[in-house]
Amino acid sequence: MLEARLEQAELLKKVVDAIKDLVQDCNFDCNDSGVALQAMDNSHVALVSMMLKSEAFSPFRCDRNIALGINLSSLTKVLRCAQNNDILTVKAEDAPDVVNLMFESSDSDRLSEYDIKLMDIDQEHLGIPETEYAATVTMPSPEFQRICRDLSALSESVSIECTKEGVKFACNGDIGSGAVTLRSHSDVENPDQNIKIDLTEPVALTFSLKYLSNFCKASGLAKSVNICLSNEVPLLVEYGLAANSYLRFYLAPKIGD
Amino acid sequence: TPIQNDLSEFYTMV
């Protein structure tokens, strides 16, 4: 059986909020290392990969592999019943029909319990190799969100160009064009504001801003975001979570003009 | 207009 307790329901609420507009029905794959999720959007252009390691829970118990097929809009309805600071316990039997979510208030005696019916989801799973990216940009997540929002007003797509000079987000639209260039920046007082560019070779790729803006819904989960690029491979946008856990988004590049 | 690629062109199904 599965029994996993999170100190704060907020983590799962934010994760589900960040991915529910991209993917609808997902398997939460549970085993003794934690809870993982991989799902592609309907158009097979973007992929969500989440890993919540067992260390993120206390306690965590999962005796055998269990796939919890859950509709994210149903999960959202139930998670709305939890306060951010509630303790969240997820329970399921070995061959479950339902998953049980229990919310306990940390400062009162309220205890809420909900069951969500599970679905059989036959999900395609992609093998994503460990990749050495040509460029990795680490920047404040709100800054990335703002750039995507600002450029979305002008265009549907953005080119991201990394050189030793910095990273340039540029777009071209009907009303005109725009570009934001960031250089490496180190702020000792506010390390959250740091911008780091690791570059082994220059990269230039074009992506849909609609998808990037969607990924930015995860901005509340981490103060900084890693944007990993290599020519002619999908972009990786990674939000690091506590206990070596993560929420990653992959996006296929646009090719041809 | 650039064409958005399918992810399965880059990664194989497992």
Condition check: of a type in the set (Lys, Arg) and surrounded by fewer than 19 Cβ atoms within 10 Å (Cβ to Cβ). Does A:LYS196 satisfy that? yes
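Between A:ALA135, A:ALA82, which is small (Gly, Ala, Ser), closer than 30 Å to A:LEU209 by Cα and touching a strand residue (DSSP E or B) at 6+ places or on another chain (Cβ under 6 Å)?
Numbers: A:ALA82 fails: closer than 30 Å to A:LEU209 by Cα.
Only one candidate passes the filter, namely A:ALA135.
Taking the condition of being hydroxyl-bearing (Ser, Thr, Tyr) and not in a loop (DSSP other than H, G, I, E, B), how many residues in the range A:101-124 meet it? Write out each step before concluding.
Start the filter on the range A:101-124 by keeping residues that are hydroxyl-bearing (Ser, Thr, Tyr), which leaves A:105-106, A:108, A:112, A:114.
Still in the list and also not in a loop (DSSP other than H, G, I, E, B): A:112, A:114.
Total meeting the criteria: 2.
Given A:GLU132, A:GLU161, which one is in a loop (DSSP other than H, G, I, E, B), on the phi < 0 side of the Ramachandran plot and among the charged types (D, E, K, R)?
Details: A:GLU161 fails: in a loop (DSSP other than H, G, I, E, B).
Only one candidate qualifies: A:GLU132.
So that you can scan it fast, the table gives a plain yes or no per residue for (1) farther than 21 Å from A:ASP120 by Cα; (2) acidic (Asp, Glu); (3) assigned to a helix (DSSP H, G or I):
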{"residue": "A:LEU11", "(1), (2), (3)": "yes, no, yes"}
{"residue": "A:PHE28", "(1), (2), (3)": "no, no, no"}
{"residue": "A:ALA36", "(1), (2), (3)": "no, no, no"}
{"residue": "A:ASN42", "(1), (2), (3)": "no, no, no"}
{"residue": "A:MET50", "(1), (2), (3)": "no, no, no"}
{"residue": "A:ARG64", "(1), (2), (3)": "no, no, no"}
{"residue": "A:THR76", "(1), (2), (3)": "no, no, yes"}
{"residue": "A:LEU88", "(1), (2), (3)": "yes, no, no"}
{"residue": "A:VAL99", "(1), (2), (3)": "no, no, no"}
Going by the conditions given, is A:VAL98 in contact with a strand residue (DSSP E or B) (Cβ under 9 Å, 6 or more places away or on another chain), among the aliphatic types (A, V, I, L, M) and within 14 Å of chain B (Cβ to nearest Cβ)? no
Quick one: count up the residues across the range A:212-232 that are within 14 Å of chain B (Cβ to nearest Cβ) and either part of a loop (DSSP other than H, G, I, E, B) or surrounded by fewer than 22 Cβ atoms within 10 Å (Cβ to Cβ) (or both). 4
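Does A:LEU154 fit the bill of being surrounded by fewer than 14 Cβ atoms within 10 Å (Cβ to Cβ), away from every other protein chain (no Cβ under 14 Å) and either over 21 Å from A:VAL23 (Cβ atoms) or out of contact with any Asp or Glu (no Cβ under 6 Å at 6 or more places or on another chain) (or both)?
Answer is no for this residue.
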Test set (1) touching a residue at least 24 places away in the same chain (Cβ under 8 Å); (2) within 24 Å of the chain's Cα centre (by Cα) - A:GLY178 fails condition number: (2)
All but one of (1) more than 24 Å from A:LEU11 (Cα to Cα); (2) surrounded by fewer than 19 Cβ atoms within 10 Å (Cβ to Cβ) hold for A:LEU235; which doesn't? (2)
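None of the figures in this text is laboratory data; all of them are computed from the coordinates on show. Only a predicted model underlies this, so the values are computations on that prediction, with no experimental measurement involved. As a convention, Cβ positions derive from the backbone with ideal geometry for all residues, glycine included, and neighbour counts pool all protein chains shown.
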